[in-house]
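Asker: Starting off with a structure, shown below.
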Amino acid sequence: MARANAACANVRAGSILGVARSLTHPLYQRFEKLEPTFRKVIPALVACFVVIMALGAYVQTSALRDDTLADTETDLDILATLLARELDLASRDEKNLRTILAGLSTRHIAGRGRIVHVSDVSGRVIASEPMLGSGSRSLVELLGPAQALTVFAERAGVMRIMLPGGLETLATVRNLAAPFGQVAVLQPVKGALSLWEERSRSILVLFVSAAIVLAGITLAFILQSKRARAADDDCDCVRERIDTALSRGHCGLWDWDLAKGRIYWSDSMYAMLGYDRMGEFMSFGEVNAFIHPDDADLYALADAISRDEATHLDQEFRVRDASGQWIWLKARAELVIDRRTGARHLVGIVVDISEQHRMAARTATADARLRDAVEAISEAFVLWDADRKLVLCNAKYQQLHQLPAELMRAGTSYEAIMGCSAQPSVDREPVRSSRAEPGSHSYEAKLSDGRWLQINGRRTKDGGSVSVGTDITTLKQQEERLTRSEHQLLTSVTDLKASRQKLEAQAQQLAELAELYLEQKASAESANRAKSEFLANMSHELRTPLNAIIGFSEIMEARLFGDLGSERYEEYVRDIRSSGGYLLAVINDILNMAKIEAGKVTLEKTEVALDPVIAEAARTHQEAIAGKQLSFSCEVPGDLRLEADSHALFQILSNLLDNAVKFTPEGGTIAVRVRPAPGALNIYVEDSGIGIPPEKIGRIGRPFEQVEGELARSYKGSGLGLAIARSLAELHGGGLRIRSVMGSGTIVMVHLPLKHESSPSFDLVAA
C-alpha cells in the first residue's frame with residue numbers, strides 16, 4: 001500500500017510540476033530569441049498600415065460629404081430661383097397652383113425627398129408638394145419660429161435649420177408676386193447625403209477588403225509562430241482548467257518549494273482571498289503573515305518536514321483576506337519529489353470551510369435558543385427519541401418528578417427516569433377531544449401530593465415522542481367550585497324571573513330617557529347654530545367701528561392734518577392702530593370660524609399651483625420674520641398642482657406661518673417643505689419654537705384653545721388659527737397633524753389630496 005501511495009504521489013507531482021516543462025523544448029529555445037521581436041513588429045507594421053488607410057478613407061469621405069452638401073445648397077438656390085420665376089409667371093396667367101406644382105414636381109422637385117411650400121401674402125401655406133396632410137398652417141410654423149428665412153428671403157441664402165418635428169434640413173425662401181407670398185424649398189440633410197452614403201459604402205468595402213487581405217497575411221505569420229507557442233498554450237490550458245475546477249469548488253491549489261522557500265498560488269486561491277496577483281510566486285514570510293498565529297505556523301511545519309517528521313498536511317486554520325476578515329480554510333497536502341530536479345515540494349489543495357463554521361455556529365445558537373425557549377415555558381416539557389431515550393427536558397419536568405441532576409443527561413432511558421420518579425400518578429382520566437390526531441394522546445393524572453396534571457403527547461416524525469405536562473390543579477379546584485355554584489344557580493333562577501319584570505320596567509324608563517336625550521341634543525344643536533349666527537352678526541357689527549378707528553388712527557399717525565403736539569400722543573395712536581388691527585384680525589377669525597361651523601363656507605376649487613401660494617403666504621409674514629431675525633427656508637419640488645380653493649389654501653398656510661413666527665424666539669428657524677404622497681401632497685411647516693406640551697396637543701385644534709392658560713399668556717392670539725386651518729383642510733378632504741417637542745419646536749403637517757376625495761382627518765399627535 002505504501003508503495004502504491006508513493007507511486008501515486010510521484011504521478012501527481014509529475015502532473016503539477018510538469019506544467020512548465022514544455023518551455024524547455026530545444027525548438028522553442030532556438031526560436032524564442034527572435035520570435036518575440038517578429039511577433040511584435042510585424043503585427044504593429046500591419047496595424048500602422050491599416051490605420052493609415054483608415055485615415056485616408058476618413059479624410060476622403062469627409063471631403064466628399066462637404067462637397068455633397070455644397071452641391072445640394074447650390075441646387076436648392078437654383079431650384080428656388082426657378083420656382084419663383086415659374087410661380088410669378090403663373091400668377092399672371094391665373095393658373096391653378098397645384099397644377100403648376102405638380103408639373104414642376106416631375107421636372108425639378110422630385111428626387112431625394114425635396115419639399116416645396118407656397119404661402120399667400122398672409123403667410124398661410126396654400127400648397128405643398130408633396131402633400132403633407134391637411135390643415136391650415138403658416139410657413140413660420142412649418143419652418144420654426146427661430147429661423148430667419150421668412151424675414152430675409154433670398155438675402156438669407158440657403159440655411160441649415162431644424163424643423164419643429166426634429167428633421168434637419170437645408171432650406172431657402174424666395175418672395176413671390178401677389179397673390180402669392182413666399183415659396184420655401186427644403187432638402188432633408190439625410191436625403192442629400194444618400195449619394196454620399198453610397199460612395200462611402202464603396203470606399204468602406206474597398207478598405208475592408210484590403211484589411212482582410214492584410215489580416216490574412218498577418219494570420220499566416222501568426223500560424224507560423226503558433227507551434228513555437230504550443231508549450232505555453234498547453235501550460236495555460238492546463239492551468240485554466242485547474243483554476244476553473246478549483247474556482248467552482250471554492251478551492252485553491254498551492255505548491256511550496258521547500259528548497260527555494262517560495263510558494264505558488266493558483267488564480268482561484270487569489271480570488272478566494274480577494275488579493276491581486278503581484279508575481280508568479282510568494283515568499284515564505286508573506287504567506288505566513290496571512291495565517292492566524294493561533295492556528296498554524298509554517299516555520300514549525302518546515303522544520304518538521306526537514307527532519308522527516310511530517311510528510312503530509314491535513315489542518316484547518318484561519319487566513320486573513322483582502323478586506324481584513326478571517327476566513328476558515330482546510331488544507332490537505334503531500335510531500336512530493338520532483339523527478340527532474342530532485343527538489344522537494346509540498347503540493348496540496350485548500351478548501352474554504354467558512355460557511356461550514358458559520359453553519360456550525362448557527363446550529364449551536366439555534367440549539368441554545370431552543371433550550372432557552374424550552375426552559376422558559378411554564379409547562380413540564382420532555383422529548384424522547386425513537387429508542388425511548390431522553391433527548392431534551394426542562395427544569396419544570398425535573399422538579400415535577402424530583403429527579404437528580406446527574407440523571408438528566410441526553411441518552412438516559414425512559415425506564416431509568418421513571419424508576420427514580422418520586423411523583424407517581426394515583427389516578428388517570430382521559431381527556432375527550434374531537435380533534436385528536438393520529439399518534440397523539442391526552443390525559444389528566446392526579447399525583448400523590450394532590451396536584452393534577454394534563455399530559456399532552458404526540459409522536460414525532462422520527463419515531464420519538466414529545467410530552468407537555470400542564471398543572472391544572474387550579475382548574476380542577478375551579479370545577480369543584482363550579483359544581484357547588486350550580487346548586488346556588490338553580491335557586492337563583494326563581495329570583496331572576498322576578499327580576500325580569502323589574503328589568504322590563506327599567507327598559508321602558510331607558511327608552512323614555514333616550515327620547516328625552518334626542519330632544520335635548522336637537523335643542524343643543526339649535527343653540528349652537530344660534531351662537532354661530534350671533535357671532536357672525538356681532539362680527540359684522542364690530543368691524544364697521546373698528547375700520548373707522550383704524551382709519552382715523554392711520555390718518556393721525558400719517559399727520560395729514562398736522563402734528564399731534566406730543567410724542568406720547570403718537571405712541572398712543574400707534575397703540576390704537578395696532579390694537580385695532582389685532583382686534584379686527586380676531587373678529588375676522590371669529591367670523592370665519594362661525595361660517596365654517598354654520599356650514600356656509602363653499603370652496604371654489606380650481607387647479608392651483610402650490611409654489612405661488614406658499615410664496616405669497618411667506619411674503620405677508622416677511623416683515624415679522626425679519627423683525628425677529630428668523631431663518632426662513634422653503635422646499636417645493638417642481639411644479640406641483642392640486643385641485644383646491646386658492647384663498648382657503650392661502651389662509652391655511654398664513655395661519656400656520658403666523659403661529660410659527662409668533663412662537664419662535666429670535667434667531668430661530670422656520671421651514672416649509674412639500675412632499676408628494678400617493679394621490680396627495682403633504683405640506684410641512686416646521687419651527688424651532690417653544691413647543692407644545694403633549695397633554696395640550698389634543699385641545700389646541702379646537703376653537704379658542706391655546707397652549708398657555710388664560711391668566712398667563714405670553715403671546716397674543718384667539719386660538720382660532722389652527723382650528724380654521726384644520727377645518728379648511730378637512731373641507732378639502734384632507735387633515736392636519738401636529739408633532740411637537742417641548743423646547744425643540746413644532747411640525748405641522750397638512751395633508752391635501754390632489755383631487756377631492758372623502759378621507760378621514762388626522763388626529764393631533766405629540767412626539
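Asker: Calculated FRET efficiency, T473 and A360, Cβ-Cβ r, R0 41 Å, to nearest 0.05? Kindly include the intermediate steps, with their values, before the conclusion.
Answerer: Details: r = 43 Å, r/R0 = 1.06.
That pair, T473 with A360, gives E of 0.40.
Asker: Tell me which residues come under 5 Å, amide H to amide H, from M742 once H is placed; ignore anything under 5 positions away on its chain.
Answerer: Here the answer is I692, since their amide H atoms fall under 5 Å of that of M742.
Asker: Now a separate question. At 0.36 nm per residue, minus the direct Cα-Cα distance, what do Q520 and M53 gain on full extension? Give it in nm, one decimal, please.
Answerer: Additional length available on full extension: 157.7 nm.
Asker: With a cut-off of at most 11 other beta carbons within 10 Å, and DSSP calling the residue loop, which trypsin sites (Lys or Arg not before Pro) in segment 450-492 qualify? Please list them.
Answerer: Sites meeting the loop and neighbour criteria: K461.
Asker: In square nanometres, what is one fourth of the surface area of the convex hull spanned by the alpha carbons of segment 602-753?
Answerer: Numbers: hull surface 35.0 nm².
Dividing the Cα hull surface by four gives the mean projection, 8.8 nm².
Asker: Which parts of segment 178-205 would a label at D88 reach, counting a residue when its backbone N lies under 11 Å from a point 7 Å out along Cα-to-Cβ?
Answerer: Output list for this probe position: 178.
Asker: For the pairs K605/K628; K497/K521; K396/K461; K389/K446; K396/K476; K628/K696, note any where the Cα-Cα span goes beyond 30 Å. The partial results should precede the final answer.
Answerer: Numbers: K605/K628 35 Å; K497/K521 36 Å; K396/K461 25 Å; K389/K446 25 Å; K396/K476 20 Å; K628/K696 26 Å.
In this structure, K605/K628; K497/K521 exceed 30 Å between Cα atoms.
Asker: Principal axis lengths of segment 242-359 from Cα atoms, whole Å, largest first?
Answerer: The Cα atoms of segment 242-359 stretch 40, 30, 22 Å along the principal axes, largest first.
Asker: With a ≥ b ≥ c the root eigenvalues of the C-alpha gyration tensor of segment 595-688, is it rounded (a/c under 1.5), prolate (a/b larger than b/c) or oblate? Mind showing how you got there, number by number?
Answerer: Numbers: a/c = 2.20, a/b = 1.43, b/c = 1.54.
Oblate is the answer for segment 595-688, as a/c is 1.5 or above yet b/c matches or exceeds a/b.
Asker: What aspartates and glutamates could a cross-link reach from K755, if we take a straight Cα to Cα line under 18 Å and drop same-chain neighbours fewer than 8 places away?
Answerer: E604, E607, D611, D639, E643, D645, E730
Every read-out reported here was derived from the displayed coordinates using simple, explicitly stated rules and does not represent laboratory data. This is a predicted model, so every value here is computed, not measured. Because the Cβ atoms are built from the backbone with ideal geometry, glycine has one as well, and the counts that use them run over all protein chains shown.
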